[in-house]
Amino acid sequence: MIKHVIFDVDGVLTTGHSIYSEEGKQFKIFGPHDKDGIKIIQSLGLSINFISADVSGWKITCARLIKDWKIDQTSVHLVTEEDRLAWIGMQFDLSEVAFIGDGIHDAPVLAAVGLGIAPKNARREALEAAKYVTESNSGSGAVLDACLIIRDIVSK
């Protein structure tokens with residue numbers, strides 16, 4: 001039974017693109033529909049966590065999730081790609097986790113958890129490891145799609 005939902009941030013909540021200037025990373029592109037999905041998961045009483053390995057874009061991630069969406073800061077984590085599976089396994093029973101990820105480093109996590117979901121435009125490795133693939137691309141409703149999948153599974 002799924003009790004915990006973990007979202008990779010970059011390439012799932014965002015398009016995966018970063019906009020740079022001479023000063024470095026300035027912007028990430030987040031989608032408009034994903035907060036609706038988060039509300040659905042919250043209404044189900046599932047724990048929600050967000051992970052990112054993007055050190056240079058960490059402040060942008062925190063501004064979106066903690067400041068804009070009012071996500072508790074204890075639910076937003078900086079975890080390297082290489083450490084994701086071990087970190088999740090130390091926090092949760094993997095069989096109780098739904099993980100939404102898009103990259104090559106997410107593939108082992110997607111295969112190991114109870115429910116792996118990849119955005120439509122994820123890397124091939126993630127698509128092959130996931131149990132479900134969203135109808136929408138990352139940053140364009142993939143999180144909402146994933147949350148609807150989770151709602152339907154949990155509600156059975």
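Scanning region 95-133 for residues that are farther than 22 Å from His17 by Cα and in a strand (DSSP E or B) yields Val97, Ala98, Leu115, Gly116, Tyr132. Here Ile2 passes the criteria (1) assigned to a strand (DSSP E or B); (2) modelled with pLDDT of 95 or more except the one numbered (1). Checking each residue in region 1-58 for being within 22 Å of Lys120 (Cβ to Cβ) and among the small types (Gly, Ala, Ser) picks out Gly11, Gly16, Ser18, Gly31, Gly37, Ser52, Ala53. Considering only residues that are crowded, with 16+ Cβ neighbours inside 10 Å and aliphatic (A, V, I, L, M), which ones fall in region 4-39? Answer for region 4-39, where residues must be crowded, with 16+ Cβ neighbours inside 10 Å and aliphatic (A, V, I, L, M): Val5, Ile6, Val9, Val12, Leu13, Ile38. What are the residues in region 83-139 that are more than 20 Å from Arg151 (Cβ to Cβ), among the hydrophobic types (A, V, I, L, M, F, W, C), open to solvent by 40 Å² or more (accessible area, probe 1.4 Å) and without any contact (Cβ under 8 Å) to a residue 24 or more places away in the chain, if any? Scanning region 83-139 gives Ala86, Met90, Leu94, Ile104, Ala111, Leu127. Quick one: in region 40-70, which of the residues that are free of Cβ contacts under 8 Å to residues at least 24 places away in the same chain and not in a helix (DSSP H, G or I) is most open to solvent (accessible area, probe 1.4 Å)? Here the residue is Lys70.
The residues in region 71-82 that are open to solvent by 60 Å² or more (accessible area, probe 1.4 Å) and assigned to a helix (DSSP H, G or I) can be counted, and the count is 2. Restricting attention to region 140-156, the residues that are open to solvent by less than 10 Å² (accessible area, probe 1.4 Å) and assigned to a loop (DSSP other than H, G, I, E, B) total 1. Quick check: anything in region 16-26 assigned to a helix (DSSP H, G or I), over 13 Å from the mean Cα position of the chain (by Cα) and of a type in the set (A, V, I, L, M)? The answer is no; no qualifying residue exists.
Scanning region 70-103 for residues that are among the aliphatic types (A, V, I, L, M), under 14 Å from the mean Cα position of the chain (by Cα) and under 25 Å from Lys59 (Cα atoms) returns Ile71, Val76, Leu78, Val79, Leu85, Ile88, Ile100. The residue that is modelled with the highest pLDDT, counting only those in region 137-153 that are among the small types (Gly, Ala, Ser) and touching a Phe, Trp or Tyr at 6+ places or on another chain (Cβ under 8 Å), is Ala146.
The values are calculated or read from the model by the stated rules, or taken from the named source; none is laboratory data. Just so it is clear, the model here is predicted, and its values are computed rather than measured. As a convention, Cβ positions derive from the backbone with ideal geometry for all residues, glycine included, and neighbour counts pool all protein chains shown. To get the accessible areas, we keep the full protein, side chains included, count just its heavy atoms, and leave off ligands, DNA and RNA. Shrake-Rupley method; radii C 1.70, N 1.55, O 1.52, S 1.80 Å.
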